[in-house]
Number of protein chains: 2
Amino acid sequence: MDKTPSNADDFNTNREAIARIRQLRKAAANPEELARKIKEGDRVALSRGITLIESRNNEHREKARLIIEKCIGAATGTVRIGITGVPGVGKSTFIESLGKHLTEQGHRVAVLAVDPTSGVSGGSILGDKTRMQQLVLESNAFIRPSPAGDSLGGVARKTREAIILCEAAGFDVIIIETVGVGQSETAVHSMVDFFLLLKLAGAGDELQGIKRGIMEMADGVVINKADGDNLKRAQKARVEFKRALHLFPPKDNGWTPEVLTTSALKHEGITEVWDLIRKYVEENQKSGWLQSKRAGQNRQWVLQTIDEQLKLRFYQDPAVKAALEEQLRLVETHQTSPITAAHILLDLSR
Amino acid sequence: MDKTPSNADDFNTNREAIARIRQLRKAAANPEELARKIKEGDRVALSRGITLIESRNNEHREKARLIIEKCIGAATGTVRIGITGVPGVGKSTFIESLGKHLTEQGHRVAVLAVDPTSGVSGGSILGDKTRMQQLVLESNAFIRPSPAGDSLGGVARKTREAIILCEAAGFDVIIIETVGVGQSETAVHSMVDFFLLLKLAGAGDELQGIKRGIMEMADGVVINKADGDNLKRAQKARVEFKRALHLFPPKDNGWTPEVLTTSALKHEGITEVWDLIRKYVEENQKSGWLQSKRAGQNRQWVLQTIDEQLKLRFYQDPAVKAALEEQLRLVETHQTSPITAAHILLDLSR
């Protein structure tokens, strides 16, 4: 068959692509090299770095640890924003609108997600390809779905580590999305500078939010979908939320959470949200409060890493591995009690 | 001052009370004795046993472990019911009404609670003395508030252990109450035979319940406050919930969750709820499914005990204790990274 120039081009492109993939695989074998490329802003290297973080393979984890060591402290002056809200509140439209506003201003924006349910449902926030269609095309934006099929602790650790790599790669605004599920908000709150709660007017879940402590965590509340017939209700809800927030004791940094309204769909109110976040960051950086908040978060990171590693170590212990199933069988057949079985296994790993 | 006979009686009563307290303290020193008294149905011994379970003192924990060893498997044919619902749904009124219905039929009912927020808010479900005023007076009922100030894991372990002691003391129906907060429902679901979801008509939190997987966990749904003006709405909601439940894949025991309406305040519909639970227990005991469910729960109990003990052991290690604060300080002052600090501490405890 006669090769047309177009076919030859394709062929060369393929060869180049294959060579590039080989080169990347090789780079992945070398954490120093991968860390260097990440710090140069190489998006493919960044993706590979995060893939190593998400891997269950011990060798990959060790490589990831070395990369993080090299990347930590590489970036300064970044802003980490946590965004939560129940399904239907318009989180992805809001993040897309905020993200585009930021890239237009020259910021580089990374969007990560913490979703402990993604493993159960098979889906994943940010995982849906149809979401954030515009932001995903921006060269100054990086979007990564939530790692699936893990405990909240595991997902949180991975997200925390991914933040470091994104910042080292030059992304100066990191948005962490979470869905109002379980304790994921607490996890996200523990890794961001500013925590934003998205609400709808008259959704009637105020009491839940208060009871679950989410309102208390919020540095700002945004009533979204404030457009059309909904505009008046949103403005009323804004006043009510402002009043409700005053019922809480003042935050220890003296910050009073602001309530804003947006129409993410129409890109209205987004500038005001970013202005609020900037004001918060400036004030709290000046006072030194934000620096000590991040120090406290790093402290928590140490303790969470320890918890996770203790379990890994225990269940990888050959003596435990050999006895675990037998002990569980004895418990299931009522030949021993759960507490005794646990202590027998614990004594094996001493 | 002249002692009246009445004063003398008081004096004797006091002496008896003091002697009794001394005797109890002595008994508490002896786990075998305490376990024996619990199995005789001694309520004070039962309370002391649960207090030992809730203690942070290592010696108390070891005693508690010995008591549980003696009590485990002492009771058969008990029913463990988990009840959840958002604040305001009328949980305590419902539990009081169900509890009274059961004691009237000769059952002995224990009510425990899992509330991981109780430590934060200072309050506690079941802790409010004004709640369940009638049930608390019943000699065949035992009500214990949620242990406070702990992680969900800790609260869950303590509740699981308290169930064993209550059953050994002759309580044949154990009700575990939880509030719709965080992952506490999952914890309660993992320790009961039957999981009941309380709802209100038109509360609008259906989506949340579905998204958070609570609907999927329910073996039965009860629309409470089905009285007065609300009756028609409740009956309509019942039909809607039945339809919604059909959207879920069938449960692996073949059970189809039933939706009922109650007015706990007027004691209406309570008999039907108990009939439903009895039907569920009978069917699933016949098929052997309930026995294997409990076996699986015991398996989970082993793993949770291990997790908790691993942490306890690590943080009580003298080498870790000596180095922990220094490492955390280095992290906070950016002289080392969180991951490196964690690994240094982990290596110390090897």
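Take segment B:288-311 and flag every residue that is part of a helix (DSSP H, G or I), more than 7 Å from every other protein chain (Cβ to nearest Cβ) and either more than 30 Å from B:A75 (Cα to Cα) or not acidic (D, E) (or both).
Of segment B:288-311, the ones part of a helix (DSSP H, G or I) are B:289-311.
Next, only the ones that are more than 7 Å from every other protein chain (Cβ to nearest Cβ) stay: B:289-294, B:296-297, B:300, B:303-304, B:308.
Correct list: B:W289, B:L290, B:Q291, B:S292, B:K293, B:R294, B:G296, B:Q297, B:Q300, B:L303, B:Q304.
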Odd one out for B:F314, checked against (1) at the interface with chain A (Cβ under 9 Å from one of its Cβ atoms); (2) within 20 Å of A:L66 (Cβ to Cβ); (3) crowded, with 17+ Cβ neighbours inside 10 Å: (2)
Assuming B:L265 fulfils every condition listed in (1) modelled with pLDDT of 95 or more; (2) in contact with a Ser or Thr (Cβ under 8 Å, 6 or more places away or on another chain); (3) more than 14 Å from chain A (Cβ to nearest Cβ) apart from one, which condition is it? (1)
Taking segment A:317-329 on its own, how many of its residues are facing chain B (nearest Cβ under 9 Å) and small (G, A, S)? 0
Return yes or no: is B:V281 farther than 20 Å from A:R157 by Cβ, assigned by TED's automatic domain parsing to the domain that holds B:H107 and either part of a helix (DSSP H, G or I) or open to solvent by 10 Å² or more (accessible area, probe 1.4 Å) (or both)? yes
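When segment B:76-92 is examined, which residues are found to be part of a strand (DSSP E or B) and farther than 14 Å from B:V114 by Cα? Break it down stepwise before answering.
Filtering segment B:76-92 down to residues part of a strand (DSSP E or B) leaves B:79-85.
The answer is B:V79, and nothing else.
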Go through segment A:296-306 and give me each residue that's closer than 16 Å to A:R56 by Cα and open to solvent by 30 Å² or more (accessible area, probe 1.4 Å). none
Pairs returned, first residue in segment A:232-255 that is surrounded by fewer than 14 Cβ atoms within 10 Å (Cβ to Cβ), second residue that is not in a loop (DSSP other than H, G, I, E, B), beta-carbon separation under 6 angstrom, 6 or more apart or interchain, are A:F248/A:E216
Pairs only if they're at least six apart or on different chains, beta carbon under 8 angstrom, first in segment A:81-107 and in contact (Cβ under 8 Å) with a residue 40 or more places away in the chain and closer than 21 Å to A:I164 by Cα, second part of a helix (DSSP H, G or I) and open to solvent by 40 Å² or more (accessible area, probe 1.4 Å); list them, first residue then second. A:G82/A:H189
In segment B:48-81, what residues are surrounded by 15 or more Cβ atoms within 10 Å (Cβ to Cβ) and of a type in the set (D, E)? B:E54, B:E69
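When you look at A:R131, is it open to solvent by 50 Å² or more (accessible area, probe 1.4 Å) and modelled with pLDDT under 90, yes or no? Outline the logic, then answer.
Values: open to solvent by 50 Å² or more (accessible area, probe 1.4 Å): yes; modelled with pLDDT under 90: yes.
Considered against the rule, which asks whether it is open to solvent by 50 Å² or more (accessible area, probe 1.4 Å) and modelled with pLDDT under 90, A:R131 comes out as yes.
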Within segment A:187-231, how many residues are surrounded by fewer than 17 Cβ atoms within 10 Å (Cβ to Cβ) and either modelled with pLDDT of 90 or more or in a helix (DSSP H, G or I) (or both)? 8
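Given the criteria within 10 Å of chain A (Cβ to nearest Cβ), out of contact with any His (no Cβ under 9 Å at 6 or more places or on another chain) and part of a helix (DSSP H, G or I), does B:H343 qualify? Even if it seems obvious, please write down each step before you answer.
Values: within 10 Å of chain A (Cβ to nearest Cβ): yes; out of contact with any His (no Cβ under 9 Å at 6 or more places or on another chain): yes; part of a helix (DSSP H, G or I): yes.
Yes; evaluated as a whole, the condition is true for this residue.
Do you know which of the residues in segment B:330-340 that are at the interface with chain A (Cβ under 7 Å from one of its Cβ atoms) and open to solvent by 40 Å² or more (accessible area, probe 1.4 Å) is modelled with the highest pLDDT? Can you show your working first?
First, pick out the residues of segment B:330-340 that are at the interface with chain A (Cβ under 7 Å from one of its Cβ atoms): B:331-332, B:334, B:337-340.
Narrowing further to those that are open to solvent by 40 Å² or more (accessible area, probe 1.4 Å): B:332, B:334.
Details: B:E332: 85, B:H334: 77.
The extreme case among them is B:E332.
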Could you grab me the full set of residues in segment A:286-307 that are without any contact (Cβ under 8 Å) to a residue 24 or more places away in the chain and under 13 Å from A:R80 (Cα atoms)? A:Q291
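The values are calculated or read from the model by the stated rules, or taken from the named source; none is laboratory data. Only a predicted model underlies this, so the values are computations on that prediction, with no experimental measurement involved. Methodologically, a virtual Cβ is constructed for each residue, glycine included, from the backbone with ideal geometry; neighbour enumeration extends over all protein chains shown. Calculation scope for accessible area: heavy atoms of the full protein, side chains included, ligands and nucleic acids excluded. Shrake-Rupley method; radii C 1.70, N 1.55, O 1.52, S 1.80 Å.
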